């Protein structure tokens, strides 16, 4: 069950409940009938007969010279905030729910209105407004202009208490008394803030007695018995003591709801993400390639047919780049290191992605962008690679030991183990049976499956069956019958049973007849015999029905010996175990590609590489990004073809650079595998698979696995001001209603100054929906926080609820304080809440609910749906 905020116009505790004089909201707070506010009359009855008046003196505002800062729970905005929303009200929260009325010597008046003894004022910073501390005075003080101060006659509206009810059945009084973590009190400042302005927020006394006490002036009895206001607007400047203060500044304007309402859902133009690429007048005798399309990492959704270069151009380009395989300076074959191909495959050859990448100028241009990025950052990248490498000389020294070990162990296997017959070999390898594989199971599992006990390879048994000379006791120097020995050891223990019809056999039936013949008397020997005979009968009965099991023929076959010898080959076993233990700063090392080669370490760069491309130019990442209007939310598609081409260019160029600088690196490695930014994403998009592991039959753009994703793009001030906003996709229940299934983003990116994009595990067709599928909504939600108070900047529609209340409805100009009783806005369905009824109602009216905006994908895409993808 969700929590519920319950607001109270005032809270009193302890002896304050004895105050009965109501606050009539007169300018000067006084007791009716001429009594003193500082005195609480108490009547005692002595001996149950004689009444005695005992006046008690109450602490009042004139007795306060400071507050404990630990009583402050929270301020909104926080201290030194630089971009607070100007349509919100500043506030401060206290731990004690009765704190604002603690020193007010009166009871609540009409509608539960009760003025607090302190207030929150927000003063515009200037050269004249300086918080100063005066020696020997208890509190700092500030000079405030009358225009900065609210009307104290309405101070009751800006102080309230709050109780959090976990269920409506919880009594509020009980929560106030026993649940301090679920209650508090709050002061609001009624000042409407101006945009891009610095302010000083101060907690100050509301009564003249409190002002004098805080300034170190004499507080007279008259001041305590009739509480005059600390200011009344007659003086242009008022000096006020400050109990608590903080500074903040407002932003350019607009809260989450205002900025979210500015966003316009619309589809982008079909050419966004693509630009023409003219391939004619080529050097080196190449024919014209026509007009192609240079695509970005993000492209407009919808049907698109990618133009391809002519066959004549492709054949000419293939001949040109294949010259790079010899001692000729020619355009590179991108991916040659990772694919281990010196030349571009034929039209029917593989890898297909190498052909697609190198024979299409639009793809080669994207790979060239990766080359430019590496060339621009080569010094930093190479320095980082050396930092990750560690001590290469120490690794090489250990590698030499590995080579010697492989040679020695190989000789032992060939000379000693290969000639052994299978049984002898199994017995020899017994101590290591749990680590040796006889595909697909270990030797230990194979022996256990056939019932051969571990004692077969025990040292004592090996000595017992060791061949000896004929003159000695033991097995002669002849081939040992390991098959027979194993069969005997592997046979299950024989079942104790009796063959049916055996003469004289003590069967279960005989035992039953014998037991029944024993006299059933109470004689102790008879009882003992009958008990023992019954137990023996029951025991023999458990075996009499079991068949005698056949012996297990254990198989010491030649295939077993061959598999064991193969599993012992040091060329296959020693190197992986060694290189698994060699690591560097970036992780495990890569085993050399061939036996005898030195260790080639592959540095790893996990940063999202779209950022380097974006920093070169946003138009390279998203061509036509400048044509997207401000305050737009739309959908794009990710382009896996672009991503793969760019990542191959990055890795190709860095491999060449490391080779040139004699860095001991594996040129087949994929140093860069992260294109999009997945940091902080709960279920991120997987990294790009290592390039050398790409399917040779896959074309360019088909190795990412998941293919293209829809990408939600938001351009505007909203996410710049609220970067922690929650953005996710929700399955539609109907075209106009949200369901329950949700999808979080796979990756996130940003293009300064005002563009944010997020990728989702959805296709364009899935997001749009079909006749039988309502599709998906995209939700932009304000991060839930503690309650905040204010009004909307503007309102276009009717005032249907208090949540739609705007500053224009109360007639308060920027910089002015709200006059609660000057104008009374109304709503058709107030929900039991009325403007200016009391402080609790005002809190309910002004509380700003977290905003959630849901936009169906159909509003972000063009009207014409894309055709279904072709079948492969």
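The values are calculated or read from the model by the stated rules, or taken from the named source; none is laboratory data. Owing to the predicted nature of the structure, the values given are computational and were not obtained by experimental measurement. Cβ sites come from the backbone with ideal geometry, for glycine too, and all protein chains shown count toward neighbours.
Looking across segment 341-356, the residues that are closer than 9 Å to residue 699 by Cα and either free of Cβ contacts under 8 Å to residues at least 60 places away in the same chain or assigned to a helix (DSSP H, G or I) (or both) come down to 352, 353, 354, 355, 356. Return a yes/no flag: does segment 800-814 have any residue that is free of Cβ contacts under 8 Å to residues at least 12 places away in the same chain, surrounded by fewer than 15 Cβ atoms within 10 Å (Cβ to Cβ), on the phi > 0 side of the Ramachandran plot and out of contact with any strand residue (DSSP E or B) (no Cβ under 6 Å at 6 or more places or on another chain). Taking every residue of segment 800-814 in turn, none turns out to be free of Cβ contacts under 8 Å to residues at least 12 places away in the same chain, surrounded by fewer than 15 Cβ atoms within 10 Å (Cβ to Cβ), on the phi > 0 side of the Ramachandran plot and out of contact with any strand residue (DSSP E or B) (no Cβ under 6 Å at 6 or more places or on another chain).
State whether the residues of segment 189-198 include one that is under 17 Å from residue 101 (Cα atoms), outside any strand (DSSP E or B) and at pLDDT 90 or above.
Looking for residues that are under 17 Å from residue 101 (Cα atoms), outside any strand (DSSP E or B) and at pLDDT 90 or above, one finds at least one in segment 189-198, hence yes.
Among the criteria (1) in a strand (DSSP E or B); (2) surrounded by fewer than 22 Cβ atoms within 10 Å (Cβ to Cβ); (3) out of contact with any helix residue (DSSP H, G or I) (no Cβ under 9 Å at 6 or more places or on another chain), the one residue 202 does not fulfil is (2).
Could you tell me how many of the residues in segment 165-196 are touching a helix residue (DSSP H, G or I) at 6+ places or on another chain (Cβ under 8 Å) and closer than 22 Å to residue 88 by Cα? Selection size over segment 165-196: 8.
Collect the residues in segment 635-646 that are under 20 Å from residue 690 (Cβ atoms) and either touching a strand residue (DSSP E or B) at 6+ places or on another chain (Cβ under 6 Å) or assigned to a loop (DSSP other than H, G, I, E, B) (or both), keeping them in residue-number order.
642
A Cβ distance below 6 Å, combined with a sequence gap of six or more or placement on separate chains, defines the contacts here; from segment 213-240, residues that are under 16 Å from residue 103 (Cα atoms) reach residues that are part of a loop (DSSP other than H, G, I, E, B) and modelled with pLDDT under 90 in the pairs 224/38; 225/36; 225/37; 225/38; 226/30. Each residue in segment 101-120 was checked for being in a strand (DSSP E or B), surrounded by fewer than 20 Cβ atoms within 10 Å (Cβ to Cβ) and in contact with a helix residue (DSSP H, G or I) (Cβ under 8 Å, 6 or more places away or on another chain), and 0 of them qualify. Annotation for segment 191-211: at least one member residue is touching a strand residue (DSSP E or B) at 6+ places or on another chain (Cβ under 9 Å) and free of Cβ contacts under 8 Å to residues at least 40 places away in the same chain. In this entry, residue 700 passes the filter for residues that are in a loop (DSSP other than H, G, I, E, B) and either touching a residue at least 40 places away in the same chain (Cβ under 8 Å) or touching a strand residue (DSSP E or B) at 6+ places or on another chain (Cβ under 8 Å) (or both).
Of all residues in segment 269-299, those satisfying the criterion of being in a loop (DSSP other than H, G, I, E, B), in contact (Cβ under 8 Å) with a residue 40 or more places away in the chain and either in contact with a helix residue (DSSP H, G or I) (Cβ under 8 Å, 6 or more places away or on another chain) or on the phi > 0 side of the Ramachandran plot (or both) are 269, 272, 273, 289, 296, 297.
Do the conditions hold for residue 302, that is, is it in contact (Cβ under 8 Å) with a residue 24 or more places away in the chain and surrounded by 14 or more Cβ atoms within 10 Å (Cβ to Cβ)? For residue 302, the condition - in contact (Cβ under 8 Å) with a residue 24 or more places away in the chain and surrounded by 14 or more Cβ atoms within 10 Å (Cβ to Cβ) - is met. Looking only at residues of segment 754-775 that are touching a helix residue (DSSP H, G or I) at 6+ places or on another chain (Cβ under 7 Å) and not in a strand (DSSP E or B), we find that the one that is surrounded by the fewest Cβ atoms within 10 Å (Cβ to Cβ) is 754.
Of everything in segment 232-251 that is over 43 Å from the mean Cα position of the chain (by Cα) and in a strand (DSSP E or B), the residue that is surrounded by the most Cβ atoms within 10 Å (Cβ to Cβ) is 241.
Determine whether segment 776-789 contains at least one residue that is surrounded by fewer than 14 Cβ atoms within 10 Å (Cβ to Cβ), out of contact with any strand residue (DSSP E or B) (no Cβ under 6 Å at 6 or more places or on another chain), under 22 Å from residue 121 (Cβ atoms) and outside the structural domain of residue 301 (by TED's automatic domain parsing). Yes: segment 776-789 contains one or more residues that are surrounded by fewer than 14 Cβ atoms within 10 Å (Cβ to Cβ), out of contact with any strand residue (DSSP E or B) (no Cβ under 6 Å at 6 or more places or on another chain), under 22 Å from residue 121 (Cβ atoms) and outside the structural domain of residue 301 (by TED's automatic domain parsing).
The rows are residues; the columns are (1) within 20 Å of residue 94 (Cα to Cα); (2) out of contact with any helix residue (DSSP H, G or I) (no Cβ under 7 Å at 6 or more places or on another chain); (3) part of a strand (DSSP E or B); (4) free of Cβ contacts under 8 Å to residues at least 40 places away in the same chain.
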{"residue": "33", "(1), (2), (3), (4)": "no, yes, no, yes"}
{"residue": "36", "(1), (2), (3), (4)": "no, no, no, no"}
{"residue": "54", "(1), (2), (3), (4)": "no, yes, yes, yes"}
{"residue": "62", "(1), (2), (3), (4)": "no, no, no, no"}
{"residue": "65", "(1), (2), (3), (4)": "yes, no, no, no"}
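Among the residues of segment 647-673, those identified as touching a residue at least 12 places away in the same chain (Cβ under 8 Å) and either at positive phi or in contact with a strand residue (DSSP E or B) (Cβ under 7 Å, 6 or more places away or on another chain) (or both) are 647, 650, 651, 664, 665, 666, 669, 671, 672.
Listed here are the residues, each with its yes/no results for (1) closer than 25 Å to residue 190 by Cα; (2) under 43 Å from the mean Cα position of the chain (by Cα); (3) modelled with pLDDT of 90 or more; (4) buried (at least 20 other Cβ atoms within 10 Å of the Cβ).
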residue: 47; (1), (2), (3), (4): no, no, no, no
residue: 68; (1), (2), (3), (4): yes, yes, yes, no
residue: 77; (1), (2), (3), (4): yes, yes, yes, yes
residue: 81; (1), (2), (3), (4): yes, yes, yes, no
residue: 91; (1), (2), (3), (4): yes, yes, yes, yes
residue: 99; (1), (2), (3), (4): yes, yes, yes, yes
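Considering the conditions (1) assigned to a loop (DSSP other than H, G, I, E, B); (2) closer than 19 Å to residue 151 by Cα, residue 96 is excluded by exactly one of them, (2).
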